[in-house]
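These notes are about the structure you will find just below.
Since every read-out is calculated from the coordinates, none of them should be taken as a lab result. All figures in this text were calculated on a predicted structure; none of them were measured in a lab. Positions of Cβ are generated from backbone atoms using ideal geometry, with glycine treated the same way; all protein chains shown enter the neighbour counts.
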Amino acid sequence: MNTRAVVRSWLNPPSPQPTGPPLEASARRGVWIEITIVLLVTFGLSGLSAILSLAESLATPVALSQQTVALNPSRATIGWIDLARQLLGVAKLLAWAALGLYLLHRAGIGTRAAGLTPAPKLRRDLAPGLGLAAAIGLPGLVFYLVAQALSVNLTVQASALDDHWWRVPVLVLSAIANSGAEEVLVVAYLISRLRTLGWSENSSLLASALLRGSYHLYQGFGGGVGNLVMGLVFGRYWQRTGKLWPLVVAHAFIDMVAFIGYALLRDHVSWLP
């Protein structure tokens, strides 16, 4: 298959997945209520908060590129309390992922159908995940640098944790938790439930990508647009393959490189904020 055919196959929506008979009005209303509640306690609320953060940054009489936003900040001045709060943050994200999987299970969509086999396999899941990480991560870094230079993005500190013995393990856990929560809820859960409501594959893909972009707007327009593109790629990959592990692996690897690389290099490289 030539490159043009591959691109055309990727861009065209996959065949709609069977969702059973059309839902009655009461059942549709129940699904909408479920989606609304899930988003209001997870990434939908994060998206609204990110929009307010961007509005505040724009209202500040300082260029976006001169403002800084810190990821993974310290949450206490006492080391063990900081560690405990970091682990609570990890637990919250993992609970969000578990909530999405549980609700899918209640809807008759098990973990296998959602794209999570009991354990990832090297050739089938890990290798594609690393490929996706490279395909998204490297252009994403370039896009961030361009957006920051154009002052449409804040300067992002990928880690602001103090130099504790537990810093690297916590950053690894945070990357895994971020990845699990986002890919389960924003891809598998949301697209599956929108399918149940009769949405087309393209419409559900766009909704998923817009949600992903929205809760990264606290970083600026570059963060929002970059993650929207990531959402389109990741969502389509899942729609076409039905595999979620590669997305989890890719996202976790991207975050680990960003978090740990920044933490280890920020005091040794002059151009890192």
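Using the Kirkwood radius over C-alpha pairs as Rh, can you work out the diffusion coefficient of the chain via Stokes-Einstein at 10 °C, viscosity 1.306 mPa s, in µm² per second? Translational D for this selection: 81 µm²/s. Put simply, when 220-227, 240-247 are sorted by average Cβ atoms within 10 angstrom per residue, most first, you get 220-227, 240-247. What shape does segment 137-267 have by the C-alpha gyration tensor, where a ≥ b ≥ c are the square roots of the eigenvalues, rounded means a/c under 1.5, and otherwise prolate means a/b greater than b/c and oblate the rest? Note, shape of segment 137-267 comes out oblate. Relative to the Cα centre, the charge distribution of the chain, modelled as +1 at Lys and Arg Cβ and -1 at Asp and Glu Cβ, gives a dipole magnitude of about 900 debye.
Computed on the Cα trace of segment 64-155, the radius of gyration divided by the Kirkwood hydrodynamic radius gives Rg/Rh = 1.10.
Just check segment 131-176 against the gyration tensor rule for me: Cα atoms, a ≥ b ≥ c as the square roots of the eigenvalues, rounded for a/c under 1.5, and otherwise prolate or oblate depending on whether a/b exceeds b/c. Since a/c reaches 1.5 but b/c is at least a/b, the shape of segment 131-176 is classed as oblate.
Placing unit charges on each Cβ (+1 for Lys and Arg, -1 for Asp and Glu) gives segment 24-265 a dipole about its Cα centre, and among VAL156, LEU210, GLN86 the Cα reaching farthest toward its positive end belongs to LEU210.
Starting from the Cα of ALA160, move 7 Å in the Cα-to-Cβ direction to define the label point; list residues of segment 198-230 whose amide nitrogen is under 19 Å from there. Zone members listed by number: 215-224.
Could you calculate the FRET efficiency of LEU264 with TRP80 from 1/(1 + (r/R0)^6), where r is the beta carbon distance between them and R0 is 22 Å, rounded to 0.05? With R0 = 22 Å, the Cβ-Cβ based efficiency is 0.45.
Rounded to the nearest 0.05, what FRET efficiency do LEU150 and GLU34 have when you use their Cβ-Cβ distance and R0 = 30 Å? Before the final figure, lay out each step's value.
Values: r = 40 Å, r/R0 = 1.33.
In this case the efficiency is close to 0.15.
Relative to the longest principal axis of the Cα atoms of the chain, the long axis of helix 25-41 makes an angle of roughly 10 degrees. As a rough guide to protection, the peptides 202-209, 43-50 ranked by mean Cβ packing within 10 Å, highest first, stand as 202-209, 43-50. Relative to one another, the C-alpha centroids of segment 80-144 and segment 215-261 are positioned 10 Å apart.
Would you calculate, for the chain, the mean residue ellipticity at 222 nm contributed by helices, counting each DSSP H stretch of 4 or more residues as -39,500 (n - 2.57) and dividing by all residues, to the nearest 500?
Values: 11 runs with 177 residues, N = 273.
So the helix-based figure for the chain works out to -21500 deg cm²/dmol.
Look at ARG85, ARG106 and count the other Cβ atoms within 10 Å of each Cβ; fewest to most, that gives ARG106, ARG85.
Taken about its Cα centre, segment 84-128 carries a charge dipole of about 60 debye when Lys and Arg each add +1 at the Cβ and Asp and Glu each add -1 at the Cβ.
Taking the fewest neighbouring Cβ atoms within 10 Å as the starting point, the ordered list for ARG266, ARG112, ARG212, ARG123 is ARG123, ARG112, ARG266, ARG212.
With each label modelled as a point 7 angstrom along the Cα→C-beta vector, the THR68-ALA98 pair spans 3.6 nm.
Going by how many other beta carbons lie within 10 Å of each one, how would you line up VAL156, VAL31, fewest first? Each step should come with its number before you reach the end.
Details: VAL156 19, VAL31 15.
By the 10 Å Cβ count, ascending: VAL31, VAL156.
Seen against the Cα atoms of the chain and their longest principal axis, helix 43-59 is set at about 40 degrees. Using the Cα gyration tensor of segment 201-273, with a ≥ b ≥ c the square roots of its eigenvalues, what is the shape: rounded (a/c below 1.5), prolate (a/b larger than b/c) or oblate (neither)? Oblate shape, in that a/c is at least 1.5 and b/c is the bigger or equal ratio.
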